[in-house]
1. Given an 8 Å cut-off on Cα distances and at least 6 residues of separation, report the relative contact order of the range 154-312 as a percent.
2. Counting each DSSP H run of 4 or more residues in the chain as -39500 (n - 2.57), what helix-only mean residue ellipticity at 222 nm follows after dividing by all residues, to the nearest 500 deg cm²/dmol?
3. Provide the percentage of antiparallel DSSP beta bridges, counting only those with both residues in the range 1-157; round to the nearest 5.
4. Suppose the chain between residue 292 and residue 333 were pulled fully straight at 0.36 nm per residue; how much longer would it get relative to their current alpha carbon spacing?
5. Stick to Cα atoms and the Kirkwood definition of Rh, then tell me Rg/Rh for the range 1-121.
6. Going by alpha carbons, how many degrees (0 to 90, nearest 10) lie between the helix axis of 301-312 and the longest principal axis of the chain?
7. Let me check against my output: what whole-number percent is the relative contact order of the range 231-334, with C-alpha pairs under 8 Å and at least 6 apart?
8. May I ask you to order 245-252, 221-228 by the average number of other C-beta atoms within 10 Å around their residues, highest value first?
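FYI, it's all coordinate maths here, none of it is from the lab. Just so it is clear, the model here is predicted, and its values are computed rather than measured. Positions of Cβ are generated from backbone atoms using ideal geometry, with glycine treated the same way; all protein chains shown enter the neighbour counts.
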């Protein structure tokens with residue numbers, strides 16, 4: 001069976017973690033899987049679309065194409081899937097307004113109604129797809145490679161001055177959620193100075209009063225950087241865009257054996273069992289309260305981290321997710 005993923009880029013997180021990390025497993029199952037970025041040049045794009053009938057399944061990943069391009073893609077693909085792990089039908093949280101985007105909504109509806117199957121990263125995205133007219137939608141979470149994201153030694157997480165290292169990893173676009181913690185975290189630092197904050201990102205902020213270690217993100221170092229955290233945090237707003245997020249940052253922390261504090265969402269409620277494998281918080285102030293609880297009960301961190309990792313293996317690890325994809329491919333192609 002020959003399968004082609006058409007992506008925006010081979011470097012985006014969605015492509016890295018929903019496609020590229022699964023290639024070895026899929027090929028081991030006898031599937032011929034390729035991933036190519038959809039060219040911006042019209043001539044190159046036409047050449048690529050021309051070869052689509054050579055593939056049993058074509059998977060368009062996250063791109064919302066102009067109607068003419070999408071129409072040609074639909075006609076050329078024998079079986080067309082659409083794979084998405086973000087609320088692509090909305091504008092993101094950094095945009096002003098009510099998140100509604102007419103052109104995104106229309107393009108998403110065209111994909112939803114025409115694709116043979118949509119692969120959604122979570123239940124919220126599935127609901128959006130069905131509302132847009134999709135005939136069939138399967139939920140396939142984004143998996144984390146638990147052979148790559150592994151726990152570090154507990155001794156390595158202890159800083160010389162015994163300050164716990166509260167860590168956050170993400171992109172510039174998501175700094176807005178971290179900044180929401182500034183006021184309550186600054187108040188906590190006035191009260192106690194037994195922690196620091198590490199930001200791993202492609203941009204930084206200076207709104208925090210506590211010591212802040214700024215580390216430029218790189219794929220080569222992201223596992224090592226996460227292993228150096230004592231606690232992982234994943235703050236989010238509650239809006240139509242963030243409801244589409246698949247909590248991959250949280251899964252990275254948990255795979256590395258870290259206790260984590262995450263904003264409460266429909267997705268995180270499925271992953272976290274409070275006080276068993278992590279903590280949930282409804283508001284930024286509540287998140288800082290949970291961080292303080294961990295500071296006061298730091299002897300529990302190692303076991304919370306071990307339980308965190310155990311709870312995602314066999315559910316959210318990349319091998320399990322890759323096998324879910326493979327089963328869907330086989331069912332569709334007969």
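1. With pairs under 8 Å counted, the relative contact order is 22 percent.
2. -11000 deg cm²/dmol
3. Just about 5 percent of them are antiparallel.
4. Details: separation 41, 0.36 × 41 = 14.76 nm, distance 5.21 nm.
This chain segment gains 9.5 nm when fully extended.
5. Here the Rg-to-Rh quotient is 0.97.
6. That helix lies at roughly 10 degrees to the long axis.
7. Value for the range 231-334: 27 percent.
8. 245-252, 221-228
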